[in-house]
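Here's the structure we're looking at; comments come further down.
Readers should treat all values here as calculations from the given coordinates under stated rules, not as data from a laboratory. Worth saying up front: this structure is predicted, and the values here are computed from it rather than measured. We place every Cβ from the backbone using ideal geometry, glycine too, and count neighbours over all the protein chains shown.
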Amino acid sequence: MSRRRTTPRSARDFVVATLTEWGETSRLDDMRLCASELVTNAVLHGTPAGRLVLVRVGSFADRLLIEVHDAGDDVPAQCAPEESDIGGRGLLIVSTTADRWGVKERRGPGKCVWAAFDRAGSRGAPGSRDTGSESGTA
């Protein structure tokens with residue numbers, strides 16, 4: 001996806017369409033919200049002008065996963081904004097909505113920020129490796 005003001009909306013639409021196609025709607029609202037926050041952060045802070053944002057959705061035996069790849073070098077960090085601050089809540093929202101989130105290196109420039117959503121009855125280990133996945137990419 002191109003870096004534009006409309007990129008977060010396009011990412012939300014992609015996540016909803018992919019999960020609906022897969023029949024994975026139990027965490028749809030949570031995943032839509034986190035996709036929006038992660039992509040907004042990538043557009044505002046991570047992706048230099050003229051670069052792209054890659055959004056991936058993964059379906060695994062124990063969880064669903066959203067990945068947002070950007071070309072920026074800065075590692076995002078959750079902060080504690082003041083009540084009067086107009087920004088700074090994106091990763092706070094992700095951390096309270098997703099079961100886990102983190103940042104991982106990627107080949108080439110930039111990073112991947114991810115959010116994982118456990119399937120009912122499972123609790124995956126942070127940083128566990130994914131195998132046998134289906135994935136959608138935008």
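In this calculation the C-beta distance from R5 to R107 is compared with R0 = 30 Å, giving a FRET efficiency of 0.60. Highest mean first, the peptides 17-26, 48-57, 110-119, 32-41 sorted by other C-beta atoms within 10 Å per residue fall in the order 32-41, 110-119, 48-57, 17-26.
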